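Have a look at the structure below, then the notes.
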Amino acid sequence: MTEARTKRLGEAVIATGVLHDALGGYLYRRQLAGMARDGLLNSASDARLGTVDGERRHTAFWFLIGGLAFITMGASIRRSGASGEPIAPALGPGMAAMGAIGAAVMPVSGFWLLLVEGLAAMALRRHQRQ
């Protein structure tokens, strides 16, 4: 039962990452297209900071990296569920901490979901160890 819940949590975290990247792709489509036109390499460089487009390119890059991080964390959690191994010890607390800090700094954001998913990972790990 715990393995199935762990696997489902992993799939939920992966879905969060996919949706995060899809939203970022839509919201920052102009900046991403500009970065692609510029050949990607160094297309969000510090030299562009101070310009509206440069700031948005940085935001777009980090938005997409955030989604990839969700997908990576979710894959780790899902693998734990599939193999019956406990969730990595630092994963749940790390996710919860990032979610709490992010939600404090940006209350109107998706950081609350990361906090909840991190707390769920912590609860599942605790249950797995019993």
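So, of the residues in the stretch 32-63 that are buried (at least 17 other Cβ atoms within 10 Å of the Cβ) and modelled with pLDDT of 90 or more, which turns out to be nearest to Gly102 (Cα to Cα)?
Checked the stretch 32-63; the qualifying residue nearest to Gly102 (Cα to Cα) is Phe63.
Please state which of the following conditions Leu9 fails to meet, knowing it meets all the rest: (1) in contact (Cβ under 8 Å) with a residue 60 or more places away in the chain; (2) over 17 Å from the mean Cα position of the chain (by Cα); (3) crowded, with 19+ Cβ neighbours inside 10 Å.
Single failed check for Leu9: (2).
Of everything in the stretch 49-82, what is under 19 Å from Leu119 (Cβ atoms) and among the charged types (D, E, K, R)? Give them in sequence order.
Scanning the stretch 49-82 gives a single hit, Arg78.
Quick one: which of Gly84, Gly67 is within 24 Å of Leu27 (Cβ to Cβ) and in contact (Cβ under 8 Å) with a residue 12 or more places away in the chain?
The match here is Gly67.
The values are calculated or read from the model by the stated rules, or taken from the named source; none is laboratory data. What you are looking at is a predicted structure, and each value in this text was computed from that prediction instead of being measured. Counting neighbours? That spans all protein chains shown, and the Cβs are built from the backbone with ideal geometry, glycine included.
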